[in-house]
1. Go through the residues of segment 287-300 one by one and say whether even a single one is touching a residue at least 24 places away in the same chain (Cβ under 8 Å) and loosely packed, with under 15 Cβ neighbours inside 10 Å.
2. Scan segment 173-196 and give yes if some residue there is in contact (Cβ under 8 Å) with a residue 12 or more places away in the chain, closer than 22 Å to F227 by Cβ and of a type outside the set (V, I, T), otherwise no.
3. Report yes if F241 is surrounded by 16 or more Cβ atoms within 10 Å (Cβ to Cβ), under 30 Å from C137 (Cα atoms) and in contact (Cβ under 8 Å) with a residue 40 or more places away in the chain, otherwise no.
4. Test V118 against the criterion of being in a helix (DSSP H, G or I), closer than 30 Å to F227 by Cβ and in contact with a helix residue (DSSP H, G or I) (Cβ under 7 Å, 6 or more places away or on another chain), and give yes or no.
5. Just give me the residues in segment 124-135 being in contact (Cβ under 8 Å) with a residue 60 or more places away in the chain and over 16 Å from L171 (Cβ atoms), in sequence order.
6. Look through S145, S192, S202, S185 and report the one residue that is outside any helix (DSSP H, G or I) and either under 26 Å from the mean Cα position of the chain (by Cα) or modelled with pLDDT under 85 (or both).
7. Suppose we keep only residues that are surrounded by 14 or more Cβ atoms within 10 Å (Cβ to Cβ) and basic (K, R) within segment 113-142. Which one would you say is modelled with the highest pLDDT?
Amino acid sequence: MVNSKRNQIPKRPRKNLKRNLFIASLLIVPMLHFIVFWLYINVETISLAFMDWDYFANTYKFAGIDNFIEQFRQFKERPETMNMFFNAFRALPINIACLVLAVIIGYAFSKHIRGEKVFRVIFYLPTMISIVIQTLCYRYMFTYSPGMLQGPAAELLRMLGFNYNGWETTLNDPAVINTIWWLISIFCVWASAGINIILMASAMSRIPESVIESAKLDGVGFWRELFQIHIPLIMPTISVFLINSVMAVSAFYIQPMLLTGNTTGPGSVYNTVGWYMFTMAPKAQSSDMPLISTVGFILTVLVSVMVIVVKKVTDKITPDVDF
């Protein structure tokens with residue numbers, strides 16, 4: 001006997017209204033934060049780079065690429081403009097030095113050297129202190145004021161025979177500009193090494209012991225183990241570090257600004273793009289904002305291209321590991 005009843009199509013379950021409202025309530029705050037503090041600000045900033053201030057209409061008008069032409073003209077005519085871009089990219093070699101130091105010391109920690117926990121605390125300690133306190137302590141180490149208490153590093157340099165008179169009094173001396181940048185770079189490496197060492201050591205600690213033991217049975221030495229086993233297996237962590245290092249170019253200004261006492265030096269030899277925008281934006285007039293936005297837009301494009309290149313390269317050389 002043929003059943004003439006139509007097959008019943010199961011009804012779709014009704015959506016749980018309370019569940020959706022709960023999820024929406026959790027998402028509304030981060031979404032508002034994204035819309036206001038990222039989307040709105042960035043769209044507004046990018047649009048200003050293509051605007052110019054109309055004094056008669058008291059408003060902005062579209063100017064095309066005039067601001068970019070003006071900015072590239074300043075690159076040729078004003079060395080201080082090129083200096084701040086060049087100094088911003090000093091963050092790259094500084095971060096590379098941090099990476100090398102972090103990998104080597106993190107590798108030593110992974111070998112469970114004697115006093116490992118004590119050294120972990122010593123290296124991590126600077127990251128627990130405010131950046132302002134760090135810079136003040138570092139500046140005091142190199143302070144030299146005749147008749148007053150001297151910084152230990154300044155005393156050591158003078159004991160070794162160097163004609164050192166303190167970097168605060170020589171910031172505007174062209175002969176010591178590179179020396180000041182070396183001192184700033186050393187501070188940046190010292191201040192950020194702790195957290196990077198901990199990250200690299202933690203990544204290496206996840207490598208299975210069976211891999212290390214197999215390498216030892218094959219007669220792999222200390223340095224060969226580092227370069228042929230540890231580094232390839234932590235490449236995902238190194239890849240993220242390199243991408244963050246490129247992105248740090250736009251935010252590199254706190255260290256030179258604090259260590260030089262907010263002195264950009266002759267020809268803005270200590271200035272960076274981040275420092276320039278940090279100081280100019282609060283006091284800028286409406287007519288100044290398009291050129292400031294143009295500077296930020298150019299740096300953003302350069303950094304974005306570098307991030308894409310670094311991501312592509314690291315993806316190709318990063319092994320597909322899962323442990």
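1. Yes, segment 287-300 contains at least one residue that is touching a residue at least 24 places away in the same chain (Cβ under 8 Å) and loosely packed, with under 15 Cβ neighbours inside 10 Å.
2. Kept after step one, since they are in contact (Cβ under 8 Å) with a residue 12 or more places away in the chain, are these residues of segment 173-196: 174, 177, 179-181, 183-185, 187-196.
Now restrict to residues that are closer than 22 Å to F227 by Cβ: 189, 193, 196.
Those left that are additionally of a type outside the set (V, I, T): 193, 196.
Yes, segment 173-196 contains a residue that is in contact (Cβ under 8 Å) with a residue 12 or more places away in the chain, closer than 22 Å to F227 by Cβ and of a type outside the set (V, I, T).
3. Details: surrounded by 16 or more Cβ atoms within 10 Å (Cβ to Cβ): yes; under 30 Å from C137 (Cα atoms): yes; in contact (Cβ under 8 Å) with a residue 40 or more places away in the chain: yes.
Taking the combined requirement at face value, the residue satisfies it.
4. Numbers: in a helix (DSSP H, G or I): yes; closer than 30 Å to F227 by Cβ: yes; in contact with a helix residue (DSSP H, G or I) (Cβ under 7 Å, 6 or more places away or on another chain): no.
No: the conditions fail for V118.
5. At the first step, the residues of segment 124-135 found to be in contact (Cβ under 8 Å) with a residue 60 or more places away in the chain are 124-127, 131-132, 135.
Y124, L125, P126, T127, I131, V132, listed by residue number.
6. Details: S192 fails: outside any helix (DSSP H, G or I); S202 fails: outside any helix (DSSP H, G or I); S185 fails: outside any helix (DSSP H, G or I).
Result: S145 is the single residue among S145, S192, S202, S185 that is outside any helix (DSSP H, G or I) and either under 26 Å from the mean Cα position of the chain (by Cα) or modelled with pLDDT under 85 (or both).
7. Checking each candidate, the answer is R139.
Here's the yes/no breakdown for (1) without any contact (Cβ under 8 Å) to a residue 24 or more places away in the chain; (2) out of contact with any strand residue (DSSP E or B) (no Cβ under 7 Å at 6 or more places or on another chain):
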position	(1), (2)
N42	yes, yes
D52	no, no
G64	yes, yes
M82	yes, yes
N87	no, yes
L92	no, yes
C98	no, yes
A102	no, yes
I105	no, yes
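The values are calculated or read from the model by the stated rules, or taken from the named source; none is laboratory data. Bear in mind that the values here come from a model prediction, so they are computed numbers and not experimental data. Here Cβ is always computed from backbone atoms with ideal geometry, including for glycine, and neighbour counts include all displayed protein chains.
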